[in-house]
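Notes to accompany the following structure.
The values are calculated or read from the model by the stated rules, or taken from the named source; none is laboratory data. As the structure is a computational prediction, the values presented were derived from the model and not from experiment. All Cβ positions, even for glycine, are placed from backbone atoms using ideal geometry, and neighbour counts span all protein chains on display. Accessible surface is based on the protein model in full, side chains and every heavy atom, while ligands, DNA and RNA are left aside. Shrake-Rupley method; radii C 1.70, N 1.55, O 1.52, S 1.80 Å.
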Amino acid sequence: MAQRDTRDTAHRAASLTARELASWQPQTGSADSDLVDELGTLVSRSRDLARNHGVASGAIQTITDNVVGTGLRLAATPDYRALGFDKSWADEWTRKTEALWRSWAETTDCDAAKSLNFHGLTTQVFRAGLLNGEALALPLWLPERGGLFATTLQLIESDRLDTPPGKLNDKSLRGGVEVDRYGAPRAYWIAQQHPGDTLWGLGHQNLSYERIPAQTRFGRRRVIHVHDKERTGQSRGKPLLASVMPLFKMLDHYEHSELQAAVVNAMIAAFVETPLDSESISEMFGGSVEDYIAARSDWKVRLQGGAIIPVFPGDKVSAFTPSRPNSGYGQFVENVLRHIGTGLNIPFELLMKDFSKTNYSSARAALMEAWRYFMGRRQWLATYWARPVYELWLEEAINKGLIEAPNFYENKALWTRCKWIGPGRGWIDPVKEAKASQLRLETGLSTLEDECATQGLDWEEVLEQRAREQTKMRELGLSIQPIMPEPVADPSNSQPDTESDHSPDEANTQTNTPV
């Protein structure tokens, strides 16, 4: 007869008696109850790591450089078919709209503080999303500025978004976000000053709060709250570093202790041993043992090249063999950093900017995985930040008669369709990847628009620039000889790929990584 299983649960992971699991009983709270009360601690620790830990700071900068880089460029794509227009009309509308957008976005007129252009604002919003888990912007209407457009953006620290003193978080107010019964934000409670700004001389209890509706009565946004929602019902965002903070902090302690031990070890050159006991010292030198130790302390001996070391009678000089740095230090730290890289969704090579131990195939696979993550973050930023800003600006431009858009409010989603072009991916092997791009175009698997976008270029600008260059070459009497592509080899006759056999040194000469 088979012995009955005596487990206390059907799932071993749910066991309450197993020795390794008995003390592991986390709470099952809602998204907001698990986050809101702990958000202040998470944010302050995240900022401290970014300020004081080089790897954390570098990781934030690496992600920002690859997602935002030199900025997001607008490519307006109204749904002209659904709107009842043809392609030529749409092309003309797009060119005019993008030109007007650049006149606003490439100047500091878009910033209420008159210090950043749209690219600078976008970079700050994304960095705030990484460090704080969220970013907050107030679209303002400032016609007194005297510019062509009255729409401006005021970025504010997410710390100012909070439940005011005297109010409690409940089903309709979550961490300063007032929601309706469906969870949609109705208003935001924002402090007039930063609660940690000591220059104001105000305590948290003395701050005044303003209730700002999420939108006007005619539907125009008054608050842009950019944050990730990991769970249903989540009202606030969580810092990127939250899951790896303990690892970062313990690694920082370990490295600091190891460095201190190495410095102390380096300061000790040798030991001087004496075979005398206290009675022998008293008989030989007279006086007490304390007098002998004091005399030794006053005896200055400097170790230097070619030095002769005088010692007391019976003394022996013993060499000191330091035990730091630990022989397993490098491998241990590398393993911890690989764990941290996984938590941050970027490979170790990109986290540490170190491709010395990586061959061509491994580097390519790592960067492709990283690029997938970067493109997802870029799409998130474009959807929840760039497009809402574009909608606000376009609404004003249309109402001022600068852009023609019949029935705009009835077909707002059709008029505001757009794409955002970010920095290029870069090439690991330019020759092979250029041939692959050419092959995709020739076989119809891709378009010039998509191929240019992967390198951060606008396909129309590329064609227009090429046309101008060719016209100039004709004017100067220069021949235009296109580069003939090499014939594509038959896959059945191709040789096995030997890329993975490249040595690390060979890989270093071929790798052009986006950082």
Residue within segment 96-109 that is modelled with pLDDT of 95 or more, of a type in the set (Val, Ile, Thr), under 16 Å from the mean Cα position of the chain (by Cα) and assigned to a helix (DSSP H, G or I) present: no
Residue under evaluation Leu168, criteria (1) outside any strand (DSSP E or B); (2) within 24 Å of Tyr390 (Cα to Cα), criterion not met: (2)
Test: Leu414 is closer than 29 Å to Glu396 by Cα, outside any loop (DSSP other than H, G, I, E, B), open to solvent by 40 Å² or more (accessible area, probe 1.4 Å) and out of contact with any Ser or Thr (no Cβ under 6 Å at 6 or more places or on another chain): yes
Matching entry among Asp65, Asp34, Asp91 (being more than 19 Å from the chain's Cα centre (by Cα), surrounded by 13 or more Cβ atoms within 10 Å (Cβ to Cβ), under 29 Å from Arg378 (Cα atoms) and at pLDDT below 95): Asp34
Residue list for segment 139-152, restricted to those being outside any strand (DSSP E or B) and surrounded by 17 or more Cβ atoms within 10 Å (Cβ to Cβ): Phe149
Checking Asn52 against (1) buried (at least 18 other Cβ atoms within 10 Å of the Cβ); (2) of a type outside the set (Ser, Thr, Tyr); (3) farther than 22 Å from Pro388 by Cβ; (4) out of contact with any Ser or Thr (no Cβ under 8 Å at 6 or more places or on another chain), the condition it does not meet: (1)
Which listed residue, of Leu136, Leu155, Leu130, is hydrophobic (A, V, I, L, M, F, W, C), under 29 Å from Phe374 (Cβ atoms), open to solvent by 20 Å² or more (accessible area, probe 1.4 Å) and not in a loop (DSSP other than H, G, I, E, B): Leu155
Selection from segment 245-273 of residues that are of a type outside the set (S, T, N, Q), part of a helix (DSSP H, G or I) and modelled with pLDDT under 80: Ala261, Ala262, Val263, Val264, Ala266, Met267
In segment 424-448, residue nearest to Phe218 (Cα to Cα) [restricted to those that are in a loop (DSSP other than H, G, I, E, B) and touching a helix residue (DSSP H, G or I) at 6+ places or on another chain (Cβ under 7 Å)]: Gly424
Single condition Trp459 does not satisfy, out of (1) open to solvent by 70 Å² or more (accessible area, probe 1.4 Å); (2) among the hydrophobic types (A, V, I, L, M, F, W, C); (3) under 30 Å from Ser362 (Cβ atoms): (3)
Criterion violated by Leu74 - all others in (1) open to solvent by less than 30 Å² (accessible area, probe 1.4 Å); (2) assigned to a helix (DSSP H, G or I) satisfied: (2)
Contacts under 8 angstrom Cβ, first residue in segment 87-99 being at positive phi, partner open to solvent by 20 Å² or more (accessible area, probe 1.4 Å) and in a helix (DSSP H, G or I), 6 or more apart: none
Residue list for segment 204-235, filter: charged (D, E, K, R) and either in contact with a strand residue (DSSP E or B) (Cβ under 6 Å, 6 or more places away or on another chain) or at pLDDT 95 or above (or both): Glu210, Arg211, Arg221, Arg222
Test: Arg377 is in a helix (DSSP H, G or I), open to solvent by 10 Å² or more (accessible area, probe 1.4 Å) and under 28 Å from Lys249 (Cβ atoms): yes
All positions within segment 417-456 that are within 26 Å of Val67 (Cα to Cα), touching a residue at least 40 places away in the same chain (Cβ under 8 Å) and open to solvent by 50 Å² or more (accessible area, probe 1.4 Å): Arg417, Lys419, Arg425, Trp427, Pro430, Lys435, Gln438
Some residue of segment 363-372 being buried (at least 18 other Cβ atoms within 10 Å of the Cβ), assigned to a loop (DSSP other than H, G, I, E, B) and either in contact (Cβ under 8 Å) with a residue 60 or more places away in the chain or in contact with a strand residue (DSSP E or B) (Cβ under 7 Å, 6 or more places away or on another chain) (or both): no
Residue under evaluation Lys357, criteria (1) of a type in the set (Lys, Arg); (2) open to solvent by 30 Å² or more (accessible area, probe 1.4 Å); (3) part of a helix (DSSP H, G or I), criterion not met: (3)
